[in-house]
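*Asks:* Sharing a structure with you now.
The values are calculated or read from the model by the stated rules, or taken from the named source; none is laboratory data. These figures come from a predicted structure and were not determined experimentally. Note that each Cβ is placed from the backbone with ideal geometry, even for glycine, and that neighbours are counted across all protein chains shown.
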Amino acid sequence: MLPANKPCILYIEDDASSRSLVSRVLSMDYEVLTAQNGLEGLTLLQRRMPDLVLTDLNLPDLSGEVIAARVRAMATQNIPIVALTAQTDKAFRNRAMAAGCVGYIVKPIDVAALPGLVKEFLGGMSEHIDEADRTSGTRELQANISEQLEKTLRQVQEDNAALRNLERAKTAFLTQVSHELRTPLTVLSGYVQMLNQSLTSEQTVTDMHRELSKLAVDSTKRLHHLMNEIVVMARLASNQLEASMAPLRFQDVANEAIDEYAQALQERNISFTREGEAWSDALMADWILVRMALSSLISNAIKATPDGGKLTMTVQREKHYLHIIIADTGVGIDPEHMPLLFKPFFTSIDVTKGKTSKTQFKGMGMGIGLTLVTRVIEVHRGQIWADSMGYDEEKLPGSKFHVLLPLPELPEAPVTPTATTTPTPPTPEPSTVQAAPTVAPSVAPPVNPAG
């Protein structure tokens with residue numbers, strides 16, 4: 001008979017069904033604590049020292065051998081440690097015994113025999129391996145621990161670097177948002193007040209009134225576009241954006257995006273050239289999202305290009321895709337920035353010195369434009385990437401942004417050769433965007449696409 005105070009068993013196992021089974025089998029005679037990973041098990045050990053430890057060897061964070069070694073180091077008394085695992089390989093057994101396990105139970109467990117085995121291990125029973133196997137197990141255990149330590153250190157370094165980049169990006173984003181929102185609101189407020197005062201004091205509408213009104217409207221539009229980008233970005237990030245797919249001609253949506261910058265291109269003497277044979281091709285796409293993506297790419301090209309430069313948009317058909325290339329004769333892209341180019345909130349401009357603008361040379365945005373573009377292209381099962389010869393404000397190597405959008409599949413040929421009617425395509429229904437995978441195109445990009 002066991003004493004009234006039941007011995008305490010700690011069982012470390014990542015599989016919930018196995019934890020439940022062993023707990024039920026042993027709970028009649030023992031107090032059973034369970035942990036779903038190695039770190040949780042070691043935390044329980046710090047709070048309460050059990051009378052015996054059962055542990056799986058293949059855990060998601062720490063191996064059973066490492067846990068056994070840590071228990072040996074932490075325990076104030078000799079606690080029996082027993083491996084309970086599906087691994088039947090002798091090498092696993094040798095490593096477990098070398099790490100300090102006194103027993104090795106292979107799954108599937110014998111529910112009738114398990115309580116008795118636990119009682120025997122609590123009573124001092126210990127399995128043994130010969131010296132050669134122990135030496136081999138110790139050597140492999142040391143190598144495994146060293147490898148695991150190296151992987152952990154590398155992962156910690158990568159995580160720390162990512163956190164530092166995220167912190168910098170967050171700070172830059174907050175700074176840019178405050179600039180972007182404050183500027184149009186300040187301008188809008190000032191012009192509206194001036195317009196209000198003029199209309200109050202004067203009886204007739206003059207050119208000044210019209211100019212003030214136009215400036216107020218322009219600032220309102222800028223603020224509206226900015227807020228649209230933020231809302232779309234938030235919805236894309238949470239997979240809550242509805243994309244309304246419908247037939248459209250690429251040139252129609254592209255021209256609308258280009259016309260948005262007609263005045264800026266004229267003021268900065270930047271030429272815009274259309275090339276390629278596929279401008280009139282049809283797509284199944286969301287007009288608003290595609291227009292927003294093209295607008296962002298054109299804006300970036302304008303901001304990268306000094307006055308007097310040249311922008312070219314080429315649209316060509318490549319197998320099952322429409323290949324859009326937006327090229328500029330601007331400052332180019334630093335190779336070190338390529339991996340970060342499409343990441344949220346990344347900007348190569350010093351946010352404490354740059355000026356917020358969608359069209360000025362080296363104008364500053366919020367760092368979400370290219371991320372938004374990438375998500376929009378992914379939603380349409382397309383692909384985006386960039387290439388550049390580098391960054392140089394004197395030589396102006398320029399850059400190219402490539403977008404692949406899938407062309408709609410052609411309808412099957414009619415069964416009757418004499419049929420003259422064209423079937424009407426079904427009206428598409430809006431679909432909720434999920435994290436759609438980027439479809440690998442049949443046209444290989446020259447560089448690895450960022451996404």
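*Asks:* Does Ile145 satisfy being in the same structural domain as Val22 (by TED's automatic domain parsing) and touching a helix residue (DSSP H, G or I) at 6+ places or on another chain (Cβ under 9 Å)?
*Replies:* On the way: in the same structural domain as Val22 (by TED's automatic domain parsing): no; touching a helix residue (DSSP H, G or I) at 6+ places or on another chain (Cβ under 9 Å): yes.
Spelling it out, it is not the case that Ile145 is in the same structural domain as Val22 (by TED's automatic domain parsing) and touching a helix residue (DSSP H, G or I) at 6+ places or on another chain (Cβ under 9 Å).
*Asks:* Given (1) within 23 Å of Asp15 (Cα to Cα); (2) not in a loop (DSSP other than H, G, I, E, B), where does Glu147 come up short, assuming only one miss?
*Replies:* The failed condition is (1).
*Asks:* Scan the stretch 31-57 for residues that are closer than 26 Å to Thr88 by Cβ and either in contact with a strand residue (DSSP E or B) (Cβ under 7 Å, 6 or more places away or on another chain) or hydrophobic (A, V, I, L, M, F, W, C) (or both) and jot them down.
*Replies:* Val32, Thr34, Ala35, Gly38, Gly41, Leu52, Val53, Leu54, Thr55, Asp56, Leu57
*Asks:* Do we find a residue being under 23 Å from Ala262 (Cα atoms), part of a loop (DSSP other than H, G, I, E, B) and modelled with pLDDT of 70 or more anywhere in the stretch 308-326?
*Replies:* yes
*Asks:* Looking at Glu211, Glu202 in this structure, which one is among the charged types (D, E, K, R), at pLDDT 75 or above and surrounded by fewer than 15 Cβ atoms within 10 Å (Cβ to Cβ)? Lay out the reasoning, then the answer.
*Replies:* Details: Glu202 fails: at pLDDT 75 or above.
That would be Glu211, the only listed residue that is among the charged types (D, E, K, R), at pLDDT 75 or above and surrounded by fewer than 15 Cβ atoms within 10 Å (Cβ to Cβ).
*Asks:* Then there's this: Conditions first: (1) surrounded by 15 or more Cβ atoms within 10 Å (Cβ to Cβ); (2) among the hydroxyl-bearing types (Ser, Thr, Tyr); (3) in contact (Cβ under 8 Å) with a residue 24 or more places away in the chain. Tyr104 passes all but one, so which condition is the exception?
*Replies:* (3)
*Asks:* Looking at this structure, is Pro60 in a helix (DSSP H, G or I), under 20 Å from Ala16 (Cα atoms) and touching a helix residue (DSSP H, G or I) at 6+ places or on another chain (Cβ under 9 Å)?
*Replies:* No; evaluated as a whole, the condition is false for this residue.
*Asks:* Also, I was wondering about something else. Of the residues that sit in the stretch 11-25 and are touching a helix residue (DSSP H, G or I) at 6+ places or on another chain (Cβ under 6 Å) and buried (at least 21 other Cβ atoms within 10 Å of the Cβ), which one is nearest to Asn58 (Cα to Cα)?
*Replies:* The extreme case among them is Glu13.
*Asks:* Moving on to the next point. Which condition from (1) under 17 Å from Val118 (Cβ atoms); (2) more than 39 Å from the chain's Cα centre (by Cα); (3) aliphatic (A, V, I, L, M) is the one that Ala73 breaks?
*Replies:* (1)
*Asks:* Go over the candidates Val25, Val71, Val53 one by one and state the one that is part of a helix (DSSP H, G or I) and touching a Pro at 6+ places or on another chain (Cβ under 8 Å). Spell out the reasoning first.
*Replies:* Numbers: Val71 fails: touching a Pro at 6+ places or on another chain (Cβ under 8 Å); Val53 fails: part of a helix (DSSP H, G or I).
Just one listed residue meets the conditions, Val25.
*Asks:* Given the criterion assigned by TED's automatic domain parsing to the domain that holds Glu378, at pLDDT below 95, surrounded by fewer than 16 Cβ atoms within 10 Å (Cβ to Cβ) and closer than 26 Å to Ile333 by Cβ, identify the matching residue among Glu242, Glu267, Glu229, Glu260.
*Replies:* Matching residue, one of Glu242, Glu267, Glu229, Glu260: Glu267.
*Asks:* Checking Gly123 against (1) within 30 Å of Arg24 (Cβ to Cβ); (2) within 43 Å of the chain's Cα centre (by Cα); (3) not β-branched (Val, Ile, Thr), which single condition isn't satisfied?
*Replies:* (2)
*Asks:* Just to be sure I understand the filter: pairs with C-beta atoms under 6 Å, separated by 6 or more residues or on different chains, first member in the stretch 270-285 and of a type in the set (Phe, Trp, Tyr), second member assigned to a strand (DSSP E or B). Which pairs pass?
*Replies:* Going by the 6 Å Cβ cut-off, the qualifying pairs are Phe272/Leu311; Trp279/Val315.
*Asks:* Same structure again: Would the stretch 37-49 turn up any residue that is part of a loop (DSSP other than H, G, I, E, B), closer than 23 Å to Gly123 by Cα and assigned by TED's automatic domain parsing to the domain that holds Leu117?
*Replies:* yes
*Asks:* Within the stretch 107-137, restricting attention to residues that are touching a strand residue (DSSP E or B) at 6+ places or on another chain (Cβ under 8 Å) and without any contact (Cβ under 8 Å) to a residue 40 or more places away in the chain, which residue is nearest to Ile9 (Cα to Cα)?
*Replies:* Ranking the candidates gives Leu117 first.
*Asks:* Out of everything in the stretch 257-269 that is free of Cβ contacts under 8 Å to residues at least 40 places away in the same chain and assigned to a loop (DSSP other than H, G, I, E, B), what residue ends up being farthest from Tyr321 (Cα to Cα)?
*Replies:* Selected residue: Asn269.
*Asks:* Another question, if that's okay. Does Ser136 fit the bill of being of a type outside the set (A, V, I, L, M) and assigned to a loop (DSSP other than H, G, I, E, B)?
*Replies:* Numbers: of a type outside the set (A, V, I, L, M): yes; assigned to a loop (DSSP other than H, G, I, E, B): no.
No; evaluated as a whole, the condition is false for this residue.
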